[in-house]
1. How many nm separate the modelled label positions at K441 and E252, each set 7 Å beyond the Cα in the direction of the Cβ?
2. Report Rg/Rh for the range 1-110, rounded to two decimals, where Rg is the Cα radius of gyration and Rh the Kirkwood radius.
3. Ignoring any ligand, DNA or RNA, what whole percent of the accessible area of the chain comes from carbon and sulfur when the probe is 1.4 angstrom?
4. How big is the charge dipole of the chain about its Cα centre, in debye rounded to the nearest 20, if each Lys and Arg gets +1 on its Cβ and each Asp and Glu gets -1 on its Cβ?
5. Charges at C-beta only: +1 for Lys and Arg, -1 for Asp and Glu. How large is the resulting dipole of the range 335-381 about its Cα centre, in Debye rounded to 20?
6. Could you sort 161-170, 314-323 so that the peptide with the highest average Cβ count within 10 Å comes first and the rest follow in order?
7. What are the ³J(HN,Hα) values, in whole Hz, obtained from phi via the Karplus relation 6.51 cos²θ - 1.76 cosθ + 1.60 with θ = phi - 60°, for each residue of the range 233-249 in sequence order, with x given for Gly and Pro?
8. How much accessible surface does F142 have with a 1.4 Å probe, in Å² rounded to 10?
Amino acid sequence: MPGESVRPLERGLAVLRALAVAEQVRAGDLVRATGLARSTVDRVVATLARLGYVREHGQELHLTPRLMELGNAYLAASGLSGEVAARTARLADKLDESVSLAVPDGDGVRFVTQAARRRAMSVAFRIGDLLPAERCAPGALFAAEWDEAAWAAWRARVAADPEGHAFPALPPGPAPLPSDLTGRVERSRATGWALDDQLIEPGLIAAAVPVRDAAGRPRYALSAVSHTSRHTAQGLAELVLPRLREEAAHLESLPPAPSPYGEAELTPGQPVDAVDAVDAKAELGPGFLQSLARGLGVLRALGRAGGDGLPLTAIAAATGLPRATARRCLHTLELEGYAAHDGRLYRPLPRIMELGYARLSRLGFADIAEPHLRQLTDRVHQSASVTVLDGTDILYVARAATVRVMSVYITLGTRFPAYPTAMGRVLLAGLPQEDRARLLKAEPPRPLTRRTVTAPADLNRILDRAAADGYATADEELEEGLRSVAVPLKDAEERVVAALNVAQHAGTAPLDETVGALLPALRETAAAIEADLHTAARFNGVLMP
Ligand code: PHB
């Protein structure tokens, strides 16, 4: 029934996998890793760049946080939600140990949530990381469901790769203690939980319980992770099992994720996952691989599958593609291990997360902002920075400086009082009134230059105005000769989490002119940073400074 596969989609996926495994990748590396011709690699990269999934920095190619929307499609369809992730974090607080949720993925275990305790000896796995079943607690729970073919595939893999080189998240070298997977499966069948006593690295221990679906199959493993400096493996299990079981029962009682795109509400005519392929094609001509763009659109559309999956009609409607085209893309995604179908319903598979999710989920807020700051600096030829509020100060967390004889010299970690700075003003303006008042009282404004505004009533007027206008300025109020314009950076809930500015010498131009020249670029940059931040933080949050 299914037709042939979509070659440009296959090639695009191969390039994304190659980009995901290494830190610094150039086009030549992709040629070697994929076996594709250089001209093909160039077209794939140009298409991925046009889709915003790859960024070129000199000769180097980098995956962008936007690519996380592919893994997010799997996470959304799997029923994970911000609420489930938040519960995991609360459980970690209660237990005072790291807690994770993982799903079965072939003969591996893939993390979908991690709530880590930050300790000197702490777990380094991230969302999207894959561990071999024989070397972690969840593996024994999931392997209990394997059929003969799955066991045979596992044996072949272990024989071919005993140290797990195919699992980049594993520390190099053999396991500190041997793992008897079949014995551990038998034990976990008898007890209903599984233990990892230093199967990954010396000292690392974990206990896991299954979270079952309606059919009784383990859908997730819920693990608590610790270190032998705190507990023995058995001691950890005794301590955490009651709480893990209680939480697993709660997760099992949640209704299955509703499909936001069920057949009943199909509204053809408004494709939501269509790519602006017409523009891109006009712009890049044969350099744009339309069927790669369409295939990735189909993959994203699978994120609308609730519990059971999506019918072809819904996928065609969501992408604006003819059914035959959507079906060929789905067939290709199935061959690549990223989608499955069950009767007439299609759903995404966890392997999608191998397309860069683990690498990208390690990025902190500053890593996400930095490439955008560089672009802004290239555009306006002035230094750009991002700060957060820390008490009554602003704290520099990301920055791109220009090379000029006279440039504003500030390094990461620099602090200034918030009240006489443009960034401090957008940050204070984003606070609830009580917090704003408390901070202005905590450090009474002092005149730092002839022009510093210090009267509380005047400052409050400036802050109200910043909140209303969505930007703030400071003109020689922190330092003579220094002028700055700033805009807020907001999270998906519209809370101001940081500020973005451009600072320059005051010069002779009136302030209005500087604002007019800088504000459009500042706003576009803020929107681009926010879009990346919202994609990266959709399920698991982003590490803020
Ligand atoms: C983890 O969440 O990092 C984890 C879970 C289970 C293990 C090991 C690590 O067996």
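The values are calculated or read from the model by the stated rules, or taken from the named source; none is laboratory data. All values reported here derive from a predicted model rather than from experimental measurement. Here Cβ is always computed from backbone atoms with ideal geometry, including for glycine, and neighbour counts include all displayed protein chains. When the accessible area is computed, the model is the full protein with side chains, heavy atoms only, and any ligands, DNA or RNA have been set aside. Shrake-Rupley method; radii C 1.70, N 1.55, O 1.52, S 1.80 Å.
1. Here the modelled spin labels are 5.2 nm apart.
2. For the range 1-110, the value is 1.09.
3. Reported share for carbon and sulfur atoms: 52 percent.
4. 300
5. 80
6. Per-residue Cβ counts within 10 Å, averaged per peptide and sorted highest first, yield 314-323, 161-170.
7. 4, 5, x, 4, 4, 4, 5, 9, 4, x, 5, 5, 5, 4, 5, 4, 4
8. About 10 Å², ignoring ligands and nucleic acids.
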